[in-house]
Amino acid sequence: MLLSLCVKNYKLIKDAYIEFDSGFNVITGETGSGKTMLMSSLLFLFANRVTKDVIRSSSSACSVTASFDYASLSQKAKEILDLSGIETEDTLTISRTIKDDSRSSILINGTPAPIKTARDILSEIVYFSLQREQNSLLIPGTAMKITDEFASATEMAEKCAVLTRQCREKRDKLEQIKKEADDINREKDYLQSVYSEIKNAKLKIGEDEEIKDALRSAKHSVFYSNAANEAIRCIDNSDYGILDGIRTSLKELTKADEKEGQGQFNEIVADLENAYTYVSLSLDKLRAWDKKHKLSESDIDALSERDSLISSLKRKHGGSIEAVINRMNEVKEKLELSDDSVIRIKEAEEDYKQCETELVSLKEQLYQKRKAAALSLSKSVEEKLANLEMSSSVFEVVINKKDLFEKDEVKFMFSANKGEKTDEIAHISSGGELSRLYLALLSSLPYMNDKITIVFDEIDSGLGGKTGSKVRDYLVSLKNKAQIIAVTHQGIVAPGADKHIKVIKEEQEGRSVVGAKQLEGEEREKEIARLMAGDESENEALELARSLLNNR
């Protein structure tokens, strides 16, 4: 529900602020006073493109601000707000400004927002019947929405939309599982070979660096091992080794001392015996070192092969042992998916089939409900059109059944003259006919799910007093379903409103300025008298105005 509208420097409107009633609001004024201009300022809020031409001359910017009662917003409008992250409590305020440099901005509750967000919200809560091209009846989907409201099928249609989305998701999931299974099966032999190669390698984190360190050590150990072996050969060689020489020396010196009995070599013999002991110990240490550090060619070859294997796996699968192990785990998961893909496909097929069966049944129920409502709605609209001086009109609601995942199509077909072929309402040439058709459609609805705001511009233009009273009655009946804002020239229509607003154009400082004011009491009586008789001072017209206001 629109609470208020504030317009600044929009075309001829310098500064206008209007508060609206939740029921039926009527707007009147002299011809050319700017009534349509005031109403079209609402469209400025969510038009795709606006130009600086709408800015009042000599002004640097224009702005329009609309405030709505949050509680009365449609559920979809609230969802759009929630998704946008804009906080709203009691009032939703949407403001648009355009400056003379053509820059345009949107604020929703004081927060900058994209024009699409504002347009999506406003399209849910404000419906227009202004000029022909500004009639909400021409918006795709409106025919279906009205038909579903009439058929009390709105909830079923929403459930069908949700179920359609769920079925589409289940179908896509099934196709994805099948595709994954096909892809895996096509490369299963390759994946198995990759998995076996990595698994059999039995890699350990950090092993590659350990092997490289071992190979570097092996390179140095060859040099040291050669030196150690040469030392061992020199120390312990039966032909000329150091130990053999010491043993021979000890034998000769001891033999000489024993023969002569003088003990001349006792000290030397002791030194040689000590030397023999130290050399023997050194020999043992050399042999022990060689045994511990010496790598055979086969050991070195094994290290080199292991290094080559690890390097090859790293090149193929990510550049590190961690990446290779991760690749093995990924391949293992794929192979496991392949193993249970038959079960997964069967489960997904059953899940989709169940959803599809439910959707087929619900779509058929919805189709039959719409089809049954179409005849009643067509009849009701034709009766109301007859009351609105369109008695020769033919109106039909056509339901076209579509494929499972497509929405059925609902079309409103119209002909202004009986016996003539009906055509889609988009081809109606008269804006007045389109507005009256919209009024007849909305008046045919037993209720509306959402309290929307409907704006009618001169819907009663050119109609007689009797027909004008019918328009008034329809508008009054609509206020229980929606908030009505109607621009009228009919004195018989204006008294039915809960709030009367007059648009006034006057000169200020040599320039035309459009403003608006709420009429009450005597001012309202005079304005209604002017509408009926063209003269607000006409006594009979004033009496009739008072009577209509008192009996509304």
Open item on the list: Criterion first (among the charged types (D, E, K, R) and either touching an Asp or Glu at 6+ places or on another chain (Cβ under 6 Å) or at pLDDT 90 or above (or both)) does Lys11 satisfy it?
Closed with: yes
Task: Residue that is under 30 Å from Ser477 (Cβ atoms), open to solvent by 20 Å² or more (accessible area, probe 1.4 Å) and of a type in the set (S, T, N, Q), where the choices are Ser22, Ser104, Ser41 - done: Ser22
Task: Selection within region 107-137 - polar (S, T, N, Q) and open to solvent by 20 Å² or more (accessible area, probe 1.4 Å) - done: Asn109, Thr111, Thr117, Ser123, Gln131, Gln134
TODO: Have a look at Glu322, Glu356, Glu364 and point out the one that is surrounded by 15 or more Cβ atoms within 10 Å (Cβ to Cβ), among the acidic types (Asp, Glu) and part of a helix (DSSP H, G or I).
DONE: Glu356
Open item on the list: Quick test of your reading of the structure: Tyr438 fulfils all but one of (1) under 25 Å from Tyr17 (Cα atoms); (2) in a helix (DSSP H, G or I); (3) touching a residue at least 40 places away in the same chain (Cβ under 8 Å). Name the failing condition by number.
Closed with: (1)
TODO: Tell me, please, whether a residue that is of a type in the set (Gly, Ala, Ser), open to solvent by 90 Å² or more (accessible area, probe 1.4 Å) and at pLDDT below 80 can be found in region 237-254.
DONE: yes
Open item on the list: With within 30 Å of the chain's Cα centre (by Cα) and of a type in the set (A, V, I, L, M, F, W, C) as the only criterion, which of Val331, Val360 stands out?
Closed with: Val360
Open item on the list: Take the conditions free of Cβ contacts under 8 Å to residues at least 24 places away in the same chain, assigned to a loop (DSSP other than H, G, I, E, B) and on the phi > 0 side of the Ramachandran plot and apply them to Ser102. Does it pass?
Closed with: no
Open item on the list: I'd like to know if region 504-512 contains one or more residues that are surrounded by fewer than 19 Cβ atoms within 10 Å (Cβ to Cβ), more than 53 Å from the chain's Cα centre (by Cα), at pLDDT below 90 and outside any helix (DSSP H, G or I).
Closed with: no
- [ ] Filter region 412-431 for residues that are crowded, with 20+ Cβ neighbours inside 10 Å and either over 37 Å from the mean Cα position of the chain (by Cα) or not in a helix (DSSP H, G or I) (or both) and give the result.
- [x] Phe412, Phe414, Ile428
Open item on the list: Could you tell me how many of the residues in region 1-36 are outside any strand (DSSP E or B), of a type in the set (A, V, I, L, M, F, W, C) and closer than 12 Å to Val513 by Cα?
Closed with: 1
Open item on the list: Quick check on my filter: what residues within region 68-89 are assigned to a strand (DSSP E or B) and open to solvent by less than 20 Å² (accessible area, probe 1.4 Å)?
Closed with: Phe68
TODO: Scan region 189-214 for residues that are assigned to a helix (DSSP H, G or I), among the hydrophobic types (A, V, I, L, M, F, W, C) and at pLDDT 85 or above and jot them down.
DONE: Val194, Ile198, Ala201
Open item on the list: So if I check each of Leu531, Leu544, Leu478, Leu548, which one is in contact (Cβ under 8 Å) with a residue 12 or more places away in the chain and closer than 18 Å to Gly29 by Cβ?
Closed with: Leu531
- [ ] Run down Gly510, Gly468 and say which single residue is touching a residue at least 24 places away in the same chain (Cβ under 8 Å) and not polar (S, T, N, Q).
- [x] Gly468
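The values are calculated or read from the model by the stated rules, or taken from the named source; none is laboratory data. Here the structure is a predicted model, which is why all the values come from computation and not from measurement. For neighbour counting, all protein chains shown are included, and Cβ atoms are generated from backbone atoms with ideal geometry for every residue, glycine included. Protein only, heavy atoms only, side chains kept; ligands, DNA and RNA dropped before computing areas. Shrake-Rupley method; radii C 1.70, N 1.55, O 1.52, S 1.80 Å.
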